[in-house]
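Read through the structure below, which is laid out as structure tokens, and then see the notes.
The values are calculated or read from the model by the stated rules, or taken from the named source; none is laboratory data. Values in this document were obtained by computation on a predicted structure and should not be read as measured data. Cβ atoms come from the backbone with ideal geometry, glycine included; neighbour counts cover every protein chain shown. Only protein heavy atoms, including side chains, enter the accessible area calculation; ligands, DNA and RNA are left aside. Shrake-Rupley method; radii C 1.70, N 1.55, O 1.52, S 1.80 Å.
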Amino acid sequence: MERTFAIVKPDAVRRGLTGDILKRIEASELTIVAMRKIQLSRADAEKFYDVHKARPFFKGLCDYMTSGPVVVAVLQGEDAISKWRQLMGATDPKKADAGTIRKDFGIDVEQNATHGSDAPETAAQEIAFFFAAREILS
Ligand code: DAT
Ligand code: MG
């Protein structure tokens, strides 16, 4: 069993796509073991995307991620990290495979509907950034 961290990003929440995205998660082999709707602060966004702080898109990314509420969640299942990345599709919706969330719901490389952890270490860090252990179903 593995856990990964997911965000339904502001563009998707704003357009009423939260339900569609959660439906795809629930139709998959992944289980939602924690979930909350929140507004990220500037500090939250900057800390969450710290790995990208030297990139030219960092400021725009933080502006966007704080532009409205997001839904944060912990997903659990076998190979949860790669399964969730597969469901999401490539970072750039234009390059994402047919039938993926980003292909179907993403607007562009920045407003790409969802986030997913990329490795076990980042998954653990990202989960701990948003959820206390007692908030996650065992
Ligand atoms: P992913 O979200 O697929 O893990 P990433 O970690 O490389 O992609 O980048 C994090 C986020 O930063 C991504 O979801 C959207 C934004 N981003 C990445 N590349 C970008 C670019 N070239 N222009 C604008 N935003 C970008
Ligand atoms: Mg990433």
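Figures for the structure shown
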item	result
Test for residue 113: is it hydrophobic (A, V, I, L, M, F, W, C) and at positive phi	yes
Index of the failed condition, residue 7 passing every other in (1) closer than 19 Å to residue 137 by Cα; (2) away from ligand 1 (no atom under 11 Å from the Cβ)	(2)
Single residue of segment 75-85 satisfying the filter (farther than 18 Å from residue 12 by Cβ and more than 12 Å from ligand 1 (Cβ to nearest atom)) that is most open to solvent (accessible area, probe 1.4 Å)	78
Residue among 119, 34, 124 that alone is open to solvent by less than 30 Å² (accessible area, probe 1.4 Å), under 15 Å from the mean Cα position of the chain (by Cα) and more than 11 Å from ligand 1 (Cβ to nearest atom)	34
Residue identified as within 13 Å of ligand 1 (Cβ to nearest atom), open to solvent by less than 80 Å² (accessible area, probe 1.4 Å) and either more than 16 Å from residue 7 (Cα to Cα) or not hydrophobic (A, V, I, L, M, F, W, C) (or both) among 48, 58	58
Checking residue 24 against (1) farther than 18 Å from residue 122 by Cα; (2) touching a residue at least 60 places away in the same chain (Cβ under 8 Å); (3) assigned to a strand (DSSP E or B), the condition it does not meet	(3)
Residue match in segment 64-74 (condition: more than 15 Å from the chain's Cα centre (by Cα), assigned to a helix (DSSP H, G or I) and within 11 Å of ligand 1 (Cβ to nearest atom))	no
Selection count, segment 86-116, where residues are part of a helix (DSSP H, G or I) and either open to solvent by 60 Å² or more (accessible area, probe 1.4 Å) or modelled with pLDDT under 95 (or both)	5
